[in-house]
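Here the structure is laid out as structure tokens; the discussion comes afterwards.
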Amino acid sequence: MLTPESRSGRKPYPEPVPYRSTGIVYDPIFLEHGMVNHIESPRRLESVIDGLETAGLRQQLINIPIRKATLEEILQVHDEEYIHRLSHYCQEGGGWWDEDTFMSPQTYEVALYAAGGSIQAVEAVISGKVHDVYALVRPPGHHARPSDAMGFCVLNNISIAAKYALNHLGVKKICIIDFDVHRGNGTQEIFSKEPRILYVSSHQYPIFPDISLVEKSSAMRKRERAILLPLPAGSGDNEFRKVYSEIVVPVVRKFKPQLILVSAGYDAHWADGMSNLRLTVDGYLFLLKLIDNLALELYGGGTVYFLEGGYNLNILTACINNTFRFWLGENFVEDPLGAPPHDIRGYRVEYVIERLKRRSRLIT
């Protein structure tokens, strides 16, 4: 029965925030899911926790205790038939659910703790226990559909936490920002008919789960509150700055959420083999700062980050260290790899921006 239980080169951090109480959701139980030689392996969290301890950050964080999500909480997002099938599959020993997603015998129970820990993270921010929280949970969630696991994801952690906040914590409107290199198709599907949720995703086109430049605006045509930002290979810091400044900021301001949740994936970094995007650590710092400013402006601040992708362990560890440092008000960052070794001219994102502006009633 499961029960919960090297710093690189530094440079000045742009505009540090004052010290804020900062929470972490983590438990060794999250290491019980998966297999060692899978790309989404326990090594990811082991590297992150080691990095926090080496940097002297872990002891500055407020630990948010985890619990299992209840079946009722899970069924707000997932189909009952899928949950029964998932539970039985793990009880029978697990295996390859599909060509990407592996289940260990412990996966179902671990996933319940990941979802429950995600709920606890949101509750800690809404209650004022902490200002910001990072939910360092596994298995990840944003590809998990109402009726299926896929893309390394089992239960949709961020969606379960968002639904709980809407139903039990008095939150009226939530914005979910997803900067993982892959579109969070599960999150988008779950909230396709939920007017209280705005989903924003920046992702590479046309990699998994694949969305074409023609399809990218279908959400707006169907009056779904989803803003999809498909970025072609070669897009880097400049392209991200442009689409987030010209699209994301005005859309989120107009929506006026009372809480911002973030599906945080670091696989858009130039050194991550999962993609051909070219974000740098500075690019991720820009996204962190922009989201933080929006939260402060719209409702006085307080965000919850949920770990999704990111498979270069050095970059994953550095970016999460930098997130905590920013929240804690520290004045330096880690960047183990710096700028890309050579420049690739990105696609003209003006095309994406103009099409989105024409199609999205949320931007006008």
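The values are calculated or read from the model by the stated rules, or taken from the named source; none is laboratory data. Note that the structure is a prediction, hence the values are computed from the model and not measured. Here the Cβ positions follow ideal geometry from the backbone for every residue, glycine too, while neighbour counts run over all protein chains shown.
I'd like to verify a number: residues in the range 1-31 that are modelled with pLDDT of 95 or more and either within 23 Å of Gly151 (Cα to Cα) or of a type in the set (Gly, Ala, Ser) (or both), how many?
Looking only at the range 1-31, we keep the residues that are modelled with pLDDT of 95 or more, and these are 21-31.
Okay, now just the ones that are also either within 23 Å of Gly151 (Cα to Cα) or of a type in the set (Gly, Ala, Ser) (or both), so 21, 23, 25-31.
The number of residues fulfilling the criteria is 9.
All conditions but one from (1) over 17 Å from Cys153 (Cα atoms); (2) in a helix (DSSP H, G or I) apply to Val130; the one that does not is (2). Apart from one condition, Gly338 fits all of (1) surrounded by fewer than 17 Cβ atoms within 10 Å (Cβ to Cβ); (2) modelled with pLDDT of 95 or more; (3) under 29 Å from Ile207 (Cβ atoms); the exception is (2).
Only one of the numbered conditions (1) surrounded by fewer than 20 Cβ atoms within 10 Å (Cβ to Cβ); (2) modelled with pLDDT under 95 is not met by Gln204, and that is (1). Taking the residues in the range 45-81 that are out of contact with any strand residue (DSSP E or B) (no Cβ under 9 Å at 6 or more places or on another chain), in a helix (DSSP H, G or I) and among the polar types (S, T, N, Q) as candidates, determine which candidate is surrounded by the most Cβ atoms within 10 Å (Cβ to Cβ). By that ranking, first place goes to Ser47. Taking the listed residues Leu307, Leu259, Leu285, the one that is of a type in the set (A, V, I, L, M, F, W, C) and either surrounded by fewer than 23 Cβ atoms within 10 Å (Cβ to Cβ) or in contact with an Asp or Glu (Cβ under 6 Å, 6 or more places away or on another chain) (or both) is Leu285, with no other qualifying.
With the condition kept exactly as written, say whether any residue in the range 209-225 is at pLDDT 90 or above, assigned to a loop (DSSP other than H, G, I, E, B) and more than 20 Å from Gly141 (Cα to Cα). No. Looking at (1) within 22 Å of Leu356 (Cα to Cα); (2) in contact with a helix residue (DSSP H, G or I) (Cβ under 9 Å, 6 or more places away or on another chain), find the lone condition where Lys193 falls short. Answer for Lys193: the failing condition is (2). Scanning the range 219-240 turns up at least one residue that is among the acidic types (Asp, Glu), surrounded by 23 or more Cβ atoms within 10 Å (Cβ to Cβ) and in contact with a Leu (Cβ under 9 Å, 6 or more places away or on another chain).
Hey, can you tell me all the residues within the range 112-156 that are aliphatic (A, V, I, L, M), over 19 Å from Glu99 (Cα atoms) and in contact with a Leu (Cβ under 8 Å, 6 or more places away or on another chain)?
Residues of the range 112-156 that are aliphatic (A, V, I, L, M), as a first pass: 112, 114-115, 119, 121-122, 124-126, 130, 133, 135-137, 144, 149-150, 154-155.
From what is left, the residues that are over 19 Å from Glu99 (Cα atoms) are 112, 114-115, 119, 121-122, 124-126, 130, 133, 135-137.
Of everything in the range 112-156, those that are aliphatic (A, V, I, L, M), over 19 Å from Glu99 (Cα atoms) and in contact with a Leu (Cβ under 8 Å, 6 or more places away or on another chain) turn out to be Leu112, Ala114, Ala115, Val122, Val125, Ile126, Ala135, Leu136, Val137.
Would you check if Val122 is assigned to a loop (DSSP other than H, G, I, E, B) and over 23 Å from Asp267 (Cα atoms)?
Numbers: assigned to a loop (DSSP other than H, G, I, E, B): no; over 23 Å from Asp267 (Cα atoms): yes.
Taking the combined requirement at face value, the residue does not satisfy it.
Considering only residues of the range 164-198 that are of a type in the set (Asp, Glu) and assigned to a loop (DSSP other than H, G, I, E, B), which is farthest from Ile119 (Cα to Cα)? Checking each candidate, the answer is Asp180.
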